[in-house]
Amino acid sequence: MNIMRNAFKRANCVLCLLLALSGTSCINRLNDEIKEGSILISFSFETSKAATKVTKNTFDIGDRSGIFAMLTGNSLDQQRYIDNLLLECSDNSKLISKKEVYYPEGDATLDFISYYPYQEENVSKGSSLLDVTVQADQNKTANYSLSNFMTARIGNVPNSEKTVKLEYKHRFAKIKLVLIPQEGEDTDEMLKANPRIIATGFRTQAVYDLQSDKLSSVDDASETDIIPFGTWKKEGNTLSGKEFIVIPQTHSDGGQAFTLEWNGKIYTCPLPSATIEEDTELEICINALQSTSATLTG
């Protein structure tokens, strides 16, 4: 009996050693219920350079994001230590959590995955998929900001009183519109006329896999018109200032275009052949000319 008991102890020690070498706690890995320790987890942020938010590359005070945490080695569709905790931006690039959270007891490390904007009804248990969308009326500041989508991830974070810095990356793209007056057109007169422009045929809904950090699918049935954000302004001999956020997608079948209402007449400019990729900014230049033709080039 003593021989069997000693053999069991040796096997158990070997198992704990193997788990420790993999960077996880033997206790936390084996127990279904993970116990919180005494070290508070705090968060801060920074964002990548692409300016797809209204206020360039930063969060506004009150902006809300969500965050998950898993023991290192677990994926989002497995056991979660933190499940869609609400973070709210305060001053000095700090993210304040809705409730206090603490690192687990022992020497376990955590993997964090965060996303913006926050969704209360979020990734279901056993899944890592998140429904994402852009707003149709982006002329409203709030809608423009909410159309943006960013994610951040950091792995193997040990127990520490240091702030967990989340570096958010832009997963959607921005399209900027520029009107170029052709011969016979006057920039000042065009600005006074204030042409109304709408983007048509762009897909506005998709599914994002937070575990792989990639678009899982884009809903082809979600094509709709998008009203851009901003106002026209004169810049040299052009008008600029209109822009909108769009889900990465491939231009296909000639269905995507820009409709311009100018001095009571409707013009259409088909989208030039382009693949819209994440974290990019595209500039579409439209040759503006009032004529008998209803089609503009760009």
Sketch the reach of a paramagnetic label on residue 143 as a point 7 Å from Cα along Cα-to-Cβ, and name the residues of segment 233-247 whose backbone nitrogen lies under 13 Å away.
244-245
Taking a label point 7 Å from the Cα of residue 44 along the Cα→Cβ vector, which residues of segment 64-95 have an amide N closer than 12 Å to it?
92-95
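Give me the dipole magnitude in Debye, nearest 20, for segment 180-298 about the Cα centre, with unit charges on the beta carbon: positive for Lys and Arg, negative for Asp and Glu.
Working: 8 positive and 20 negative charges, 85 e Å.
Rounded to the nearest 20 debye, it is 400 debye.
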Quick note, segment 197-298: a/c under 1.5 would make it rounded; otherwise a/b > b/c is prolate and the rest oblate (a ≥ b ≥ c, C-alpha gyration tensor); here it is prolate
Enumerate the amide H contacts of residue 256 below 5 Å, restricted to partners 5 or more residues apart or on another chain; note that Pro and chain-start residues carry no placed amide H.
271
Starting from the amide H of residue 41, placed 1.01 Å from N in the peptide plane, find each other amide H under 5 Å away whose residue is 5 or more places distant or on another chain.
101, 102, 103
Under 5 Å from the placed amide H of residue 282, counting only residues 5+ away or on other chains, we find 174, 175, 176
With labels modelled as points extended 7 Å from the Cα through the Cβ direction, what inter-label distance (nm, one decimal) is found for residue 283 paired with residue 79?
5.3 nm
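Give me the extension gain from residue 183 to residue 133: residue separation times 0.36 nm, minus the current Cα-Cα distance, reported in nm with one decimal. Kindly include the intermediate steps, with their values, before the conclusion.
Numbers: separation 50, 0.36 × 50 = 18.00 nm, distance 3.97 nm.
Answer, rounded to one decimal: 14.0 nm.
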Would you be so kind as to identify which of 257, 197, 212 lies farthest towards the positive end of the dipole of segment 188-269, taking Lys and Arg as +1 and Asp and Glu as -1 on Cβ and the Cα centre as origin?
197
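All of the numbers you see were taken from the coordinates with simple rules; none came from a lab. Bear in mind the structure is a predicted one, so any value in this text is a computation, not a measurement. Cβ: placed from backbone, ideal geometry, glycine included. Neighbour counts: every protein chain shown.
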